[in-house]
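Q: Before I ask anything, let me first share the structure, which is written out below as structure tokens.
The values are calculated or read from the model by the stated rules, or taken from the named source; none is laboratory data. Fair warning: this is a prediction, and the values are worked out from it, not measured in the lab. Don't worry about glycine lacking a Cβ; one is built from the backbone with ideal geometry, like all the others, and counts go over all protein chains shown. Calculation scope for accessible area: heavy atoms of the full protein, side chains included, ligands and nucleic acids excluded. Shrake-Rupley method; radii C 1.70, N 1.55, O 1.52, S 1.80 Å.
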Amino acid sequence: MLLLLASGSMYAQNSPEMRRSGITYTSPGTQALQADDSQNPGMLWVRDGAQRWTIPSGDARKSCADCHGAIATMRGVAARYPAASPSSGSAASAAGRVITLSQQINRCRVEQQRAPAWPPEHADLLALESAIAFESRGLPMAPPAQPALSAAQTRGEALYRQRIGQVDLSCHDCHDRLAGKKLGGNTIPQGHVTGYPIYRLEWQAVGSLQRRMRGCMTAVRAEPYAWNAPELVDLEAWLAKRAAGMRIESPGVRP
Amino acid sequence: MAANTAIARRTALRAAAGAALMFALRPVNAAIATAPILGELAFAYAGPKATLREARVKLDITPLVENGNSVPVTISVDSPMTANEHVVGIALFSEKNPQNDVALFALTPLSGRAQVSTRIRLATSQQLMAVAKMNDGSCWSHTVEVVVTTASCVEE
Amino acid sequence: MARALITMPKSARLGEIIEVRALVQHAMETGYRRDSDGSMLQRDLIRRFSCSFAEAVRSDGTRAAPGTRVVFAATLHAAIAANPYFSFYFRAEKSGTLIFLWEGDNGFAHREQATLMVNA
């Protein structure tokens, strides 16, 4: 780790033209797995979510499709999140707060379907998020211009540059200055969030961006923020801005 | 040429299994001897009357594995896959996984082509062997060596 | 709820050899892993996969070959990666249905089918 730091400091911050998806740092086998929908295991979650989309649930006995129509109407939605939550809906308290796509899904689950919220990384939640993200595949990441979101992005960037953990490294140290360098068996990617939710070979399953970020925090021996903590939402908001314009590739496959 | 040497089952049994097989079964593309355990498994699969030759089977796998959790492999066998002449089974063995058996495939003339792909787990660097059994009882094999680079320090 | 994805053409020429791909959602828990609390995770594997062919019923209501015939089968062990994937081939000689079956520990069973039109 120390050796790696000493040799990596010459790396400048990425300019937009130099931005690369994490998939480009992986082996040809992993790239082939992501590129082929008949092999990409993430497609199992996508298919699962597309089916759950039509199943009525909760006290309201409504399916997502009952209100939204076909899942195809979700095209472009994943490209915009995190975003300030819409002002409609029954819980006005949430309006204007920046939320992630997974939080918005849970909002509909609780307020519209009147069912208990799914816990983080619940299979149904990941499946629905995968199916919604898949609808935006190929579209550029496009965070909207919203004052609340812009404030979240600024807070997120500060967290991104803050050194954390016993290893005393920031996200920026690794993902901008050391990107492309080897760490253990892995190449450090630029950390662009174009493939979420991802199928990670290490997990042998699909997982969220928060799970991925918490993994990085654990790796540098920092206490990870709790699921859906404002800090994680702010980091998601900043990472989405940092990847703005890059094409969505969900379901991504990563080592 | 070692790769085409036929070995009678009896000879193998007579010899101290490991040593004899090490000599007889050489991986085609490498200057390494087949691991004794793979030889034993291959003969157990081939059955009492079989001959086992290193030919006609291709075990295709990347020699350098980035992530042992999911490694693509393709096994193809040179066979017309007709009712008269076809592959009936393909066994895939690992030298150093906790369990040596990886998978056993059954093929039929309906398969049309003797080629199977799957994704496997590799615990460490090791040899892998594919053995194909034909409907006439003959068995053919291919052994390869793979290097598995260690897992990341970035995990939960 | 398990999910599976079958990828193959819907139709083929007589005698054509088509590729069939089958992907199924399953953790393939080896029994050698620990969970986050450090306790051993129980082995939970798919043990067997098979693909069989059932010939389509003819217009006169009969079938040349009644029942199903195995095209391809696999016995799986812990070294098969999570969410097992198989690709294999099928010689298209009659129209009919390919039936896919996965079976494993804890009563796991999942079935899929796909029809194939064979054009003379």
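Q: List the relative contact order of chain A as a percent without decimals, with contacts defined as Cα pairs under 8 Å and 6+ residues apart.
A: Once normalised by length, the contact order is 28 percent.
Q: Rounded to the nearest 100 Å², what is the sum over both chains of accessible area buried where C meets B, with a probe of 1.4 Å? Write down the numbers at each step before the final one.
A: Working: alone 7510 and 8610 Å², together 13840 Å².
The summed interface area works out to 2300 Å².
Q: Across peptide C:68-74, what mean number of C-beta atoms from other chains lies inside 10 Å of a residue's C-beta?
A: Whole-number average of other-chain Cβ neighbours for C:68-74 is 5.
Q: Given q = 0.16, 0.23 Å⁻¹, what are the Debye log10 I(q)/I(0) values for the stretch A:120-231, with equal point scatterers placed on the Cα positions and solvent ignored?
A: Reported log10 I(q)/I(0), two decimals: -0.92, -1.56.
Q: Separate question: Under 1.5 on a/c is rounded, so check that first for the stretch A:200-241, then, if it is not, pick prolate when a/b is larger than b/c and oblate when it is not; a ≥ b ≥ c are the square roots of the alpha carbon gyration tensor eigenvalues.
A: It comes out oblate by the Cα gyration axes.
Q: With N denoting the number of residues in the protein assembly as shown, provide Rg(C-alpha) divided by 2.2 N^0.38 Å, to two decimal places.
A: Working it through for the protein assembly as shown, the quotient is 1.09.
Q: If eta is 0.890 mPa s and T is 25 °C, what Stokes-Einstein diffusion coefficient results for chain C, Kirkwood Rh from Cα pairs, in µm²/s?
A: The estimated diffusion coefficient comes to 155 µm²/s.
Q: When only Cα pairs under 8 Å and 6 or more residues apart are kept, what is the percent relative contact order across the stretch B:42-156?
A: 35
Q: Starting from the stretch B:60-98, pick out the GluC sites (Glu not before Pro) whose DSSP state is loop and whose Cβ has at most 14 other Cβ atoms within 10 Å. All intermediate terms of the calculation are to be shown ahead of the outcome.
A: Working: sites: B:66, B:85, B:95; in loops: B:66, B:85, B:95.
Answer by residue number: B:85.
Q: Could you derive backbone 3J(HN,Hα) for the stretch A:61-78 from the dihedral phi with the Karplus parameters 6.51, -1.76 and 1.60 (θ = phi - 60°), listing whole Hz in sequence and x where the residue is Gly or Pro?
A: 6, 10, 9, 4, 5, 4, 9, 9, x, 4, 4, 4, 5, 7, 4, x, 5, 4
Q: Using only the alpha-carbon atoms of the stretch A:43-135, report the extent along each of the three principal axes, biggest first, to the nearest angstrom.
A: So the three principal-axis extents are 35, 30, 25 Å.
Q: Out of the stretch C:50-120, which trypsin sites (Lys or Arg not before Pro) are coil in DSSP terms and have no more than 11 other C-beta atoms within 10 Å?
A: Here the sparse-neighbourhood loop sites are C:58.
Q: Which whole-number percent is the relative contact order of the stretch A:43-135 (Cα, under 8 Å, 6+ apart)?
A: Averaging sequence separation for qualifying contacts and normalising by length gives 43 percent for the stretch A:43-135.
Q: How large is ³J(HN,Hα), in whole Hz, for each residue of the stretch A:153-161 in order, when computed from phi with the Karplus curve 6.51 cos²θ - 1.76 cosθ + 1.60 and θ = phi - 60°, using x for Gly and Pro?
A: Karplus-based 3J(HN,Hα) across the stretch A:153-161 equals 4, 5, 4, x, 5, 4, 5, 5, 9 Hz.
Q: Return, for the Cα atoms of chain A, the radius of gyration and Dmax in Å, separated by a comma.
A: Using the Cα atoms of chain A, the pair Rg, Dmax is 18.2, 59 Å.
Q: Would you tell me the mean number of C-beta atoms belonging to other protein chains that fall within 10 Å of each C-beta in A:18-28, as a whole number? Could the numbers behind the result be given before it?
A: Numbers: counts 0, 0, 0, 0, 0, 0, 0, 0, 2, 7, 3.
Mean partner-chain Cβ count within 10 Å for A:18-28: 1.
Q: Could you give each residue of the stretch C:24-31 its phi-based ³J(HN,Hα) in whole Hz, using Karplus coefficients 6.51, -1.76, 1.60 with θ = phi - 60°, and x for Gly or Pro?
A: For the stretch C:24-31, the Karplus curve yields 10, 7, 6, 5, 6, 5, 6, x Hz.
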